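Student: Just dropping this structure here.
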């Protein structure tokens, strides 16, 4: 491209009168070759435009970003939670009741054991006493 | 419309959407979020999309409006606007300095333009849309688009030459 032509095109460009085709010619001229000193400033300009045109977005687009709440399944799940919850709760209550009963039973058993032990002791003592009486009776009988 | 057909229709201009969002919101992350948001909106009205002659122009209009809303809600909270503006432009400056000093130079000039001028430059000089399409996207008449664009280009030219001469001297 002749220098003269490029200068004319440039003037037209800055007046905002160039077509896209003409602008492509200017861009091509300034980004692919060495230019005369008095046009160097424009090389920066069109280099900048080319650079900015090459910029790319790095983030992939996500289309199904919003998570929809499945209300139908949510209600069914909630029902299960309630049923399971009450079952477990009842179970828990039964277990504590059972444990309490077992404890009561054991305490009663212990108490009864204690009583029977003491009772046995006293029976033994009575037996000894009886023996003592038998012997005295024997002695007193002989003396009569 | 199936997901595959939808993606074929809308994915080709994803980067254009992203770049316009970045031009308007400055921050990279916010531009990514805005792009994601726009595609969700498009997906939610996928049945309606077939009616539009130019889905791309429609999407570009939507992202432009979305970004304007974002900027408005930020402006309501003045403190965060100042703060995020500062950090965002700083971060993008750092990036461009690493890449090329000349890109940074032009970037500053463009950032100094009005919001509408920036939009025109983005749509015409970076994305290469026809005036007709730019008019559709921005809601401005075609003649007004031409005027705004040539004004923007002239400001850029003046600033560019000024900076360049300063660099030589």
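Student: Just tell me how shielded B:101-107 is by partners: mean number of partner chain Cβ atoms within 10 Å of each residue's Cβ, no decimals.
Tutor: Details: counts 1, 8, 7, 2, 4, 9, 3.
So the per-residue partner count for this stretch is 5.
Student: If you don't mind, another one. Tell me, what is the Rg over Rh of the stretch B:1-48, with Rh the Kirkwood radius over Cα pairs?
Tutor: Values: Rg = 11.4 Å, Rh = 11.1 Å.
That ratio equals 1.03.
Student: In addition: Please compute the modelled spin-label separation between residue A:141 and residue A:34, points set 7 Å along Cα→Cβ, answer in nm with one decimal.
Tutor: Going from the residue A:34 label point to the residue A:141 one covers 15.5 nm.
Student: Moving on to the next point. Just for the Cα atoms in the stretch A:3-54, what are the lengths along the principal axes, largest first, rounded to whole Å?
Tutor: 24, 24, 15
Student: Now for a different question. Going from the alpha-carbon gyration tensor of the stretch B:15-81, what semi-axes, largest first and in whole Å, does one get by taking the root of 5 times each eigenvalue?
Tutor: Details: eigenvalues 116, 27, 19 Å².
Equivalent ellipsoid semi-axes, largest first: 24, 12, 10 Å.
Student: In whole Å, how far is the Cα centre of the stretch B:101-169 from that of the stretch A:1-38?
Tutor: 16 Å
Student: Would you mind classifying the stretch A:14-85 by shape? Square roots of the alpha carbon gyration tensor eigenvalues, ordered a ≥ b ≥ c; an a/c under 1.5 is rounded, otherwise it is prolate if a/b is larger than b/c and oblate if not. Working shown, then result.
Tutor: On the way: a/c = 7.76, a/b = 4.80, b/c = 1.62.
It is prolate, given that a/c is not under 1.5 and a/b is the larger ratio.
Student: Another question, then. How would you rank B:43-53, B:4-14, B:142-152, highest first, on the average number of other Cβ atoms within 10 Å across their residues? Kindly include the intermediate steps, with their values, before the conclusion.
Tutor: Working: B:43-53: 11.7, B:4-14: 14.5, B:142-152: 17.8.
In descending order of packing, they fall as B:142-152, B:4-14, B:43-53.
Student: Treating the angle as unsigned and between 0 and 90°, give the value, to the nearest 10°, between the Cα long axis of helix A:71-143 and the longest Cα principal axis of chain A.
Tutor: Approximately 20 degrees, to the nearest 10.
Student: Given the DSSP H assignment, sum -39500 (n - 2.57) over each helix run of at least 4 residues in chain A and divide by its residue total; what's the result at 222 nm in deg cm²/dmol, nearest 500?
Tutor: Result for chain A: -28000 deg cm²/dmol, rounded to the nearest 500.
Student: Go from 0 up to the bin containing the longest alpha carbon distance in the protein assembly as shown, width 10 Å each, and give me the % of pairs per bin.
Tutor: It works out to 5, 18, 21, 14, 7, 4, 4, 4, 4, 4, 4, 3, 3, 2, 2, 1, 0, 0, in whole percents.
Student: Between rounded, prolate and oblate, where does chain A land on the alpha carbon gyration tensor, with a ≥ b ≥ c its root eigenvalues, rounded for a/c under 1.5, else prolate if a/b exceeds b/c? Write out the running numbers ahead of the final one.
Tutor: Details: a/c = 16.81, a/b = 5.44, b/c = 3.09.
Prolate, since a/c reaches 1.5 and a/b exceeds b/c.
Student: In nm, to one decimal, how far is the modelled label at residue A:97 from the one at residue A:133, with both set 7 Å along Cα→Cβ?
Tutor: Calculated label separation equals 5.3 nm.
Student: Spin-label point model (7 Å from Cα, Cβ direction): what's the residue B:154 to residue A:8 distance in nm?
Tutor: 2.2 nm
Any read-out appearing in this document is the output of simple, stated calculations on the displayed coordinates, not a laboratory observation. For clarity, every value in this text was computed on a predicted model and none was experimentally measured. Positions of Cβ are backbone-derived with ideal geometry, glycine not excepted, and every protein chain shown enters the neighbour counts.
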